[in-house]
Structure formats: structure tokens, C-alpha cells
Amino acid sequence: MNNNKLSDKLLVNGIRLLALGFFPLIWFLFQAILFRELTEILPRSILVLLAILIGSSFIFLLYFGMNWLIGFAPKISQEGLFAGMFIGPALFMLSLFLFYPAIRTLYLSLQDRYGREYVGFENYMWAFTDSEMKIIIRNQILWLIFVVSSVIILGLVVGWLADKLKRGESFFKSIIFMPMAISAVGSSAIFKFIYEYRPPPLTQIGLINGLRVSTGEDINGKECGNNIITETGEKIDYIREGCLKPIGWLQQRDLSALPSFRNIDNSDSILSFIVNLPISTFLLMIVMVWMFTGFAMVVFSAAIKAIPSEIIEAGQIDGAGEGKIFFSIVLPYIKSTIIVVATYMTVSVLKAFDIVYVTTRGDLETNLLAVKMLDEFSKFRHYGRSATVAVLIFICVIPVIVLNAIKAREETQS
Amino acid sequence: MNLEKQKWYDKPVSKFILIMIALSWMLPYIGFVISSFRPGDSVKRVSWWSSIANGEFFSEATLANYSEILFAENLSRSFLNSFAVSIPSTIIPITIAAFAAYAFAFIDFKGKEIAFLFVVGMMIIPLQMSLIPLLKLMKGGAILFGIPIIPELNLNGTFVAVWFAHTGFGLPLATFLLRDFMMGLPRSVVESAKIDGASHLVTFFKLVLPLSVAGIAAFATFQFLWVYNDFLVANVFMGIKPENLVVTSHVAQLTVGNYGEAWHLRTSGAVISMVVPLIVFFSLQRFFVRGLIGGAVKG
């Protein structure tokens, strides 16, 4: 009897190891090696077809295989094994593909810049003293302040106004929300086209420079224009004295290229503050605001719709104006929603990569942490430094998420 | 309350503000899409608004850019790659998450709280945190305490690497959302199936999965668009070899690279990259928004 129990236990544990340990590993390795080999030999179109078919169905094989193996265990001990089968792959993948690499990054950040030996906090010292890193941190803070607040304010205004539309509300919302569906790469390309600069005398095809050079008159009072040949054969251009010159917006560290700021008094602190605004960074922030306002709008408008209409009506009966209703009823009511959006935006800004990478490649003082992290890795092979920048992003994200989680918890409990 | 008095927001001025906002949100696309239909040399010679103003656009409009970018520049291949990346990268994490969510919602087992805390805790890890070691793992394997768990695989540039990278990044949120959804299902249904002798696998496939379609669709739409639009993960794991490019990395390469002023290709390429997300977005808007709002708590 006792013997029987022991052999049962051995069998169950053997099956557990086989079904939950070896089998998933073999499943992963088989799939990995299969595709690595197929990539070499198959033409692309067949490979793609196979990838879609096998990639999407292979995952079920994992569970059916485990289920089949568990079937050999005694019925009485199967419940525990089934729990392992349902939960195991998730824990396995999270540990292997997320947790383990994150711990490695922490460890790597304490090694020298090439990731060879332990040096303690040397990389962190670099991160806060290096002149380029200082600018990156400044940019990141500017992005956080400007993007998060603009998205929230614009989202509130647009969501509040759209909510009152009698007709076309969903159409209007779709227009604002659309940038959220397309890729950040696409959005960046769109805005790069708007900011495009071409050295004179080429035609300006970017909207901003095009409008800029087409306005005004030259010193003789003749109209400026964007290289247009009129019907009479006369050429109207901007390469004349008095006409505005195009500006390479994304190559500007500050506003000093604008003629109105050219000869300003440096002792005036407000003016010199304005001149030193990093214009290219602000122009890139606009891309992100354009992309995410729709998200904020949708979330806010759902929250505004959830406000009981009696509350707003009561306010109206008491004679409160629209502005008063907005500030003293709507805003307090959706406070927790605003915090959720602020959290989401903060995390998104900290991870922002595509916009800067595609438009300026991080050059000319426009860089951000996420881009720097990849640069240190792929450009300079500085694994240690790259890991340090990643950890910095992580450290900034933690408090935001934790605060949000605590808040969410309080709400569900109350 | 005087109802006769016109509300300020009914006045033309607030309508005007809304229309102006909508127009300014549309304006960036307009010039871009117009330029994608213009021959390359005209794009450089005349600005798009002038070409509309003087009618030149209507006589020169062409699809040549699209065929050039799709076939000569091989964006069609990148397009296929994008699907081979994003469809499994949506299905794999959702399947794994659905199984785990079922266990969290309906099976009692030891260490359930800790396991759930672990899964949810992973949400705070930004993907930058695990990017580089994960890349090394896919290439050179993983060694834990001297024991090689994963051998040297050299998976860089294969679809498998991207699938499992996205699986790792997408799993915590997917599990969290689906568990929430399944907790909302009537527990009695699952219990009565158990009494009838149905196994967990049968209950899962025949009962819980069909009832969770709405939750799964919400996350699937979100995840698909996320993966399809992703550039960072594809760039790191698939690399920049021409045959491995996905749509986003191809468009990024056109935009950032030394294509000089090939705006006719940049525009048409980017427009093609936007077609799929916009179709998904307009047909599954409700699911997408729900998934997105759920995703607002992710790290």
C-alpha cells in the first residue's frame, strides 16, 4: 500500500516534470529551430503563409500535448496538474521573456559600459553628468510637462464640446481619434513632411516653410512667392531682399534663427528665455499631442457621459453657467479618469521612441531616453550604459504605475 | 431656467471652433495623401497646395508611386512580413493569457495569489527594460546557474523571435484583462459543467471561450494594432536586412534614410502602411477603444 503510494507520487511528479517542464521547452525549441531553418530555405511568400498558419496554431499543440501527457496521471491527482497546465505556460513565458531579461538589465546596468565587469554605479554617474544625457533628461522633462498637460487639456475641451454636438458627434470623434490607429512611424512621416525644409532656391514643399516664404513683400514692394511662374511668365520667388527665408525647423536648437529674435537684448530674461526654447523638440511634441488627443477625448467623453444628468440639471437650475458646471461639477466628477489618462500619457512619453527616431534620429539636441537607450546599444555597443538608461525609464515608470494601482484599489474597495 | 436663451455652445462660434479643430486634425493627412498621388518630380517642383490651386494635380494624378513602392521598392514583401509578425503575435499571447485567466478565475490551486501578483506585477516593466537581454537570449540562449535552459538558437531575424518578444510584452495585460472578464461570467455555469463531468479543457473550449469572445476581441484588436504599428521591437528583433523589414520599419527606413527627397515614395509607402490599421479601426472601433482603455494601466 505504502509502496503503491510512493510509486504513484513518483508517477505524478514525473508526469508533472514532463508535461509542465520538458514538453513546453521542447515545443518552443522545435518551433524556433523549425522556423530558423525554414527562413533559410523557403521563398518569402511561402514562409509568410506558413508562419501565419503554424505560428497561430502551434500554440494549441502545446496545450493539447500537455493535456495528453496529464491523461496518464492517476485521476485523483489530475486537478493540480490541470491547474499547472493552464497557468504554467503563462508563468514560463513571463519568466523567460520578461522577468529574466529585466533582471539581467538591472545587473548589466552595474557593469562597465561594454558590459564586461562590475563597476557599481559608474554608469549612473555618467547618466547624470554626461552633457548629452543632461539634454536628454531636460527634453524628457519638457516632453512630460508639455505633452501630458496638452493632451489632457485638449482632450477635455474636445471631449466636452463633442459631447454637446447634436449631429456628427461620432464622425467628429473619429477624425480626432484616427491618428491613434495609425503607427507613430506614419504620423512622424506626416509631420516631417509638414516641417520639411529645402535649401533656397528650391521650392518649399513643407506646409510651414511654404506658407512662410509666400507671405510678405520684398523691399521693392513686390509680392514674395514660393517659386511660382505666373501666366505672364513672371517668376515669383522668395530669394529676394526682404522676403522671408525658409527655416530648417527640425534642425533648430532654439529660436534664434527667426528674424524677430535676431537682435534681441540678452539682458532681458523673459526674451532670452523665449529665444532659448528648443523649437525642434516642441515641434516633435506636437506630433505626439496630435496622436494622443483622440485617446484622451474618448476616455473623457465616456466619463462625462457617465455623470448622472440630474447632477448637471441641478447645477443648471441653480443658475450655474456652463463654465461653472464644467469646473465645479464635471472636473471633480471625472478626477480619477484624468489621473488614469495622465498615467497612461506619462508612461507613453517615457517610452516614446518612434517619433524622434524617424524625424531627427535624436540629433541636434532632440534626443529622448528611449532613443538613447537603443543608440547606446546598437550604435556604440555600450550594453552597460544602454541598460542604465533602460533602468532610468523603469524607475520613472514605477511610482506612476504604483500610485495608479493604489488608487484603483481604493476605488474598487470603497 | 430660460430655455429660449441660446446655449453658448449652440452658437456658431463654438461650432466654428469644433470645425477648426477637426480641420486642423485632418490637414496633416491631406497634403500627405495628395502628394502620394503626384509624380516624384512634381512633388519637388511645386508644393501640393499650389498644385491643387492651379489644377495641375488633377491632370497629373497617378498611381505610379504606389506600384513603384510596392514592387520596385518591395514594400509588398514588408507588408507580408508584417502579417506574418502580427497575426501570430496576437494569437499566441491571447491563447496563453486565456488559459491562465481561466485558471485564475475557475480553478483553485496552491499559490494562486502569488502567481497572479507575479503576472500583474510584470505590467510595470517597460519593454525597454527587457529588450537587450531578450535579444541576447534569442541569439545566444539563456544560462541559469550554469545550466543552459535555452541553447544558442540564433533566432535574430526570424519571425519566432518577434512572436515571443511580443508574447512576453503582451501577456501581463492580456491575462489581467481576460481574468477580469472571466470573473464576470456566471460561476454556476462552469461549476455545473464540472458536475456533468466535463474536463477543464472541454469547459474552457466549449463554454468559457465562446462566452469571452467580447473580451478577447477587445484585446485582440488592441494587440494586433499595437504589433502591426510597432517599430521598436520589429527593428530590434527582425533587424534591417531588406527581406526582414516589416511595413513600419520599411517606412521608417524610407523616411529617415538616405532617400534624399523621395517624398513621393515616403508618402505612398506611409499611406499603404496606414490602410490596414484604418480598416481595422473603422470596422472594430468599439473593441479597439475598449481594449485601449483597458490598456491604460500598462507599464
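The values are calculated or read from the model by the stated rules, or taken from the named source; none is laboratory data. All figures in this text were calculated on a predicted structure; none of them were measured in a lab. Here the Cβ positions follow ideal geometry from the backbone for every residue, glycine too, while neighbour counts run over all protein chains shown. Surface areas here come from the heavy atoms of the whole protein model, side chains and all, with no ligands, DNA or RNA. Shrake-Rupley method; radii C 1.70, N 1.55, O 1.52, S 1.80 Å.
Backbone geometry of region B:211-217 corresponds, through the Karplus equation with coefficients 6.51, -1.76 and 1.60 at θ = phi - 60°, to 3J(HN,Hα) couplings of 6, 9, 3, 4, x, 5, 4 Hz, x marking Gly and Pro. Taking Cα atoms only, the orientation of helix B:12-36 departs from the longest principal axis of chain B by about 80 degrees. Grab every C-alpha pair in region B:1-154, bin the distances at 10 angstrom width from 0 up to the longest one, and report whole percents. Computed distribution, short to long bins: 8, 15, 19, 17, 19, 16, 6, 1, 0. Put simply, the amide H of A:Gln111, placed in the peptide plane, has neighbours under 5 Å in A:Val119, leaving out anything fewer than 5 places away on its chain.
Measuring max minus min along each principal axis, the C-alpha atoms of region A:1-144 give extents of 73, 50, 32 Å (largest first).
Only DSSP H runs of four or more residues enter the estimate; each adds -39500 (n - 2.57), and after division by the residues of chain A the mean residue ellipticity at 222 nm equals -21500 deg cm²/dmol.
Listed by chain and number, the lysines whose alpha-carbon sits under 26 Å from that of A:Lys134, ignoring those within fewer than 8 places in the same chain, are A:Lys192, A:Lys351, A:Lys372, A:Lys379. Accessible surface for B:His250 stands near 10 Å², nearest 10, in the context of the full protein assembly shown (1.4 Å probe). Once both axes come from the Cα atoms, what is the angle between helix A:169-181 and the longest principal axis of chain A, in degrees from 0 to 90, rounded to 10? So the helix axis and the longest Cα principal axis differ by about 70 degrees.
Highest GNM mean-square fluctuation among B:Gly111, B:Gly140, B:Gly269, for chain B modelled with Cα contacts below 10 Å: B:Gly111. The phi-based Karplus calculation (6.51 cos²θ - 1.76 cosθ + 1.60; θ = phi - 60°) puts the 3J(HN,Hα) values of region A:45-61 at 5, 5, 4, 4, 4, 5, 4, 5, 5, 5, x, 7, 9, 4, 4, 6, 4 Hz, whole numbers, x for Gly and Pro. If the cut-off is 14 Å between C-alpha atoms, which aspartates and glutamates fall inside it for A:Lys305, apart from same-chain ones fewer than 8 positions away? The qualifying aspartates and glutamates are A:Asp163, A:Glu169, A:Glu313. Shape class for chain A: prolate, because the ratio a/c of the largest to smallest gyration tensor axis (alpha-carbon atoms, square roots of eigenvalues) is 1.5 or more and a/b beats b/c. When the Cα positions of A:Ile395, B:Asn235, B:Leu27 are compared along the charge dipole of the protein assembly as shown, A:Ile395 comes out farthest toward the positive end, with charges on each C-beta of Lys, Arg, Asp and Glu. Rounded, prolate or oblate: pick one for region A:255-380, where a ≥ b ≥ c are the square roots of the eigenvalues of its C-alpha gyration tensor, a/c under 1.5 means rounded, and failing that, prolate if a/b is larger than b/c, else oblate. Since a/c reaches 1.5 but b/c is at least a/b, the shape of region A:255-380 is classed as oblate.
Between the amide H of B:Ile149 and those of B:Ala142, B:Ile143, B:Leu144, distances stay under 5 Å, these residues lying 5 or more places away or on another chain, with hydrogens modeled in the peptide plane. Nonpolar atom fraction for chain B, defined as the carbon and sulfur part of the 1.4 Å probe accessible area, stands at 68 percent. In the context of the full set of protein chains, region A:46-136 has a per residue accessible area of 48 Å² (1.4 Å probe). Annotation: per residue accessible area for region B:163-240 equals 35 Å², rounded to a whole number [probe 1.4 Å, protein chains only]. Within a straight-line Cα-Cα reach of under 13 Å, A:Lys75 can be paired with the following aspartates and glutamates, leaving aside sequence neighbours fewer than 8 residues apart in one chain: A:Asp8. Solvent-accessible surface of protein heavy atoms, probed at 1.4 angstrom with all chains present, puts A:Tyr197, A:Tyr333, A:Tyr383 in the order A:Tyr333, A:Tyr197, A:Tyr383, largest first.
Computed on protein heavy atoms with a 1.4 Å probe, the accessible areas place A:Met297, B:Met20, A:Met180 in the order B:Met20, A:Met180, A:Met297, largest first. Considering only alpha-carbon pairs that sit under 8 angstrom and 6 or more positions apart, the relative contact order computed for chain A is 19 percent. The largest accessible area among B:Tyr228, A:Tyr114, A:Tyr107 belongs to the first residue in A:Tyr107, A:Tyr114, B:Tyr228, and the rest follow in falling order (1.4 Å probe, all chains).
Sorted from longest to shortest, the spans of the Cα atoms of region A:79-211 along the three principal axes equal 59, 53, 28 Å. The angle separating the long axis of helix A:335-350 from the principal Cα axis of greatest extent in chain A is about 90 degrees. Note on the protein assembly as shown: the C-alpha convex hull projects to 39.3 nm² when averaged across all orientations. At a Cβ-Cβ separation cutoff of 4.7 angstrom, cysteine residues of chain A with no neighbouring cysteine are A:Cys396.
Rounded if a/c is under 1.5, else prolate if a/b beats b/c, else oblate: with a ≥ b ≥ c from the C-alpha gyration tensor eigenvalues square-rooted, which is region A:3-42? Because a/c hits 1.5 or more and a/b exceeds b/c, region A:3-42 counts as prolate. Translational diffusion coefficient of region B:24-114 (Stokes-Einstein, Kirkwood radius from Cα pairs, 37 °C, 0.692 mPa s): 186 µm²/s. Taken across both chains, chains B and A shield about 10700 Å² of accessible surface from a 1.4 Å probe.
In order along region A:279-285, the phi-based Karplus estimate (6.51 cos²θ - 1.76 cosθ + 1.60, θ = phi - 60°) of 3J(HN,Hα) comes to 4, 5, 4, 5, 5, 6, 4 Hz; Gly and Pro are listed as x.
Rounded to the nearest 20 debye, the dipole size of region B:64-187 about its Cα centre is 280 debye, using +1 on the Cβ of Lys and Arg and -1 on the Cβ of Asp and Glu. Give the average over all directions of the projected area of the C-alpha convex hull of chain B, one decimal, in nm². Taking a quarter of the hull surface, the average projection is 24.7 nm². Quotient of the Cα radius of gyration of region B:127-234 and 2.2 N^0.38 Å, N being its number of residues: 1.41. For the options B:Arg266, B:Arg187, B:Arg77, a Gaussian network treatment of chain B with springs between C-alpha atoms closer than 10 Å singles out B:Arg187 as fluctuating the most. Using only side-chain charges placed at the Cβ, +1 for Lys and Arg and -1 for Asp and Glu, the dipole size of chain B relative to its Cα centre rounds to 540 debye.
Solvent exposure of A:Cys243, expressed as accessible area, is near 10 Å², computed with a probe of 1.4 Å over the protein chains only. The lysine pair count for chain B, using Cα distances under 27 Å and pairs eight or more places apart or on different chains, is 12. Measuring with a 1.4 angstrom probe and ignoring ligands and nucleic acids, A:Leu17 comes out at about 100 Å² accessible.
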